[in-house]
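The values are calculated or read from the model by the stated rules, or taken from the named source; none is laboratory data. Source: prediction; values computed, not measured. In this analysis, Cβ positions are derived from the backbone assuming ideal geometry, glycine residues included, and neighbour counts consider all displayed protein chains.
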Amino acid sequence: MADTTPGLEYSPELAERLAQELEPLSAEELLSWAGENFGRQLCLTCSWQKQSSALVHMLSALGLRVDVIELDTQLLFRETYDTRDLLVERYGLNLVSPEIISVAEQHLQEGPNLWERDPDRCCQIRKVEPLERALAPYGAWISGVRRDQSPSRAGLKKIQWSERHNLWRIHPFADWSEKRVRAYLEVNEIPYNPLHDKGYPSIGCIPCTRPVRPGEDERAGRWAGSGKLECGIHLDGSNTERH
């Protein structure tokens with residue numbers, strides 16, 4: 001991996017200036033800018049939900065080859081794995097899969113069904129820590145999070161510095177709606193997770209995901225009844241929003 005472009009070495013002033021300058025850019029323009037400025041230091045994380053499908057296609061259409069970090073908790077839906085396989089085959093993705101202890105090993109170390117007793121701890125082991133290791137070689141991280149997904153994400157900037165991971169975070173879909181993502185998938189005939197058509201607007205691990213009810217928030221089906229809102233991978237002390 002090459003070093004991060006010297007002109008993008010972090011400072012609070014640069015972060016604020018870039019956030020203002022890049023806000024008007026379209027998703028495609030932002031990704032092109034990121035490709036020009038970070039090159040092989042750029043990566044994409046995928047959970048194989050609809051934003052993942054859209055970003056994979058968009059990067060391919062722009063001719064940008066970036067490493068794709070997948071967070072396979074070993075507890076995902078079969079439909080999620082099938083979607084991943086379709087996208088890998090169609091777009092020739094270079095997957096980076098962080099090492100993770102098996103569910104059986106976690107049972108031995110933490111006790112059975114940790115996701116029921118302490119979902120934060122389970123996410124820490126199966127998502128947060130593996131992602132931290134996987135992001136270490138990179139200078140910028142593309143994520144599909146959107147401002148309209150929940151109040152906790154309303155403050156997202158299209159680019160912001162992550163103190164936690166020591167890299168730039170790029171959010172091409174920050175100002176997109178769920179409807180716009182859907183339209184992009186349909187117009188471009190992009191494979192996407194079929195669970196989205198079965199009442200699952202947000203999809204995570206099997207034990208911690210249910211369909212949403214009419215009128216509920218898009219992420220209401222995640223960790224329902226626990227008070228938990230996020231897995232933790234987007235939490236960052238440098239951000240004003242709490243993911």
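Annotations
- Asn113 vs. criteria loosely packed, with under 15 Cβ neighbours inside 10 Å, over 21 Å from the mean Cα position of the chain (by Cα) and touching a residue at least 24 places away in the same chain (Cβ under 8 Å): yes
- Residue among Leu62, Leu87 that is under 25 Å from Ala19 (Cβ atoms) and touching a Ser or Thr at 6+ places or on another chain (Cβ under 7 Å): Leu62
- Enumeration of residues in the range 148-197 that are acidic (Asp, Glu) and without any contact (Cβ under 8 Å) to a residue 12 or more places away in the chain: Glu186, Glu189, Asp197
- Residues located in the range 195-214, provided they are under 19 Å from the mean Cα position of the chain (by Cα) and within 15 Å of Glu178 (Cα to Cα): Leu195, His196, Tyr200, Pro201, Ser202, Ile203
- Exactly one residue out of Leu156, Leu114 is of a type in the set (A, V, I, L, M) and closer than 19 Å to Leu75 by Cα: that is Leu114.
- Residue that is surrounded by the most Cβ atoms within 10 Å (Cβ to Cβ), among those in the range 149-177 that are part of a loop (DSSP other than H, G, I, E, B) and among the basic types (Lys, Arg): Lys158
- Scanning the range 98-112 for residues that are part of a loop (DSSP other than H, G, I, E, B) and closer than 21 Å to Arg133 by Cα yields Pro98, Glu99, Ile100, Ile101, Ser102.
- Among the numbered conditions (1) touching a helix residue (DSSP H, G or I) at 6+ places or on another chain (Cβ under 6 Å); (2) of a type outside the set (A, V, I, L, M); (3) under 23 Å from Arg210 (Cα atoms), the only one that Ser60 does not meet is (3).
- Count - residues of the range 134-174 that are modelled with pLDDT of 95 or more and of a type in the set (D, E, K, R): 3
- Checking each residue in the range 178-206 for being of a type outside the set (Val, Ile, Thr), in a loop (DSSP other than H, G, I, E, B) and either at pLDDT below 95 or over 14 Å from Leu55 (Cα atoms) (or both) picks out Gly199, Tyr200, Pro201, Ser202, Gly204.
- Test: residue in the range 125-137 that is charged (D, E, K, R) and either in a loop (DSSP other than H, G, I, E, B) or under 25 Å from Arg213 (Cα atoms) (or both): no
- Residues located in the range 127-141, provided they are without any contact (Cβ under 8 Å) to a residue 60 or more places away in the chain and either within 18 Å of Ser102 (Cβ to Cβ) or of a type in the set (A, V, I, L, M, F, W, C) (or both): Glu129, Pro130, Arg133, Ala136
- Output for the range 66-92, where each listed residue is closer than 17 Å to Ser143 by Cα and outside any loop (DSSP other than H, G, I, E, B): Asp67, Val68, Ile69, Glu70, Arg84, Leu87
Table: residues versus (1) in a loop (DSSP other than H, G, I, E, B); (2) touching a Pro at 6+ places or on another chain (Cβ under 8 Å); (3) touching a residue at least 24 places away in the same chain (Cβ under 8 Å).
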site: Leu44; (1), (2), (3): no, no, yes
site: Trp48; (1), (2), (3): yes, no, yes
site: Leu55; (1), (2), (3): no, yes, yes
site: Leu59; (1), (2), (3): no, no, yes
site: Leu64; (1), (2), (3): yes, no, yes
